[in-house]
Amino acid sequence: MRTLIILTLLTVLVMAATCYESHESMESHEHLNPFLNRRRANDFIQADSRLRAITQERIRERSKAPHEYQRELCEDYYPCEMYAFRHGYAAAYKHYFGGRRRTK
């Protein structure tokens, strides 16, 4: 019986030591309000990186792949576009423009 009481006391002490919520865990204040304020939501993102990302996107828009230029050229010419619906844009561009670009 005495062993059971000592074992129970030791169990209670171990539980109290491991389940105790210390002051350090309360410092983050996330337990009070886990959501960020709208003004502080993007504070961790640097403005330079956002501007750099926008600039890179604009550069990618300006430099298109050759097949995109060919497709746009074919879309502007109605017979080529109709041919492309049936045979594909690569075949239509080759059929109407001979695989080379038109000059002005």
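The values are calculated or read from the model by the stated rules, or taken from the named source; none is laboratory data. On a predicted model such as this, the values are computed, not experimentally measured, just so you know. Surface accessibility is based on the protein's heavy atoms, side chains included, excluding ligands, DNA and RNA. Shrake-Rupley method; radii C 1.70, N 1.55, O 1.52, S 1.80 Å.
Observations
- Potential lengthening between Leu73 and Ala53 on full extension [0.36 nm per residue; Cα-Cα distance subtracted]: 4.3 nm
- Here the Karplus relation 6.51 cos²θ - 1.76 cosθ + 1.60, evaluated at θ = phi - 60°, turns the backbone of the range 55-69 into coupling constants of 5, 4, 5, 5, 5, 5, 5, 6, 9, 9, 6, x, 5, 6, 4 Hz, with x for every Gly and Pro.
- Against the criterion of solvent-accessible heavy-atom surface with a 1.4 angstrom probe, Tyr69, Tyr93, Tyr83 sort, most first, into Tyr69, Tyr83, Tyr93.
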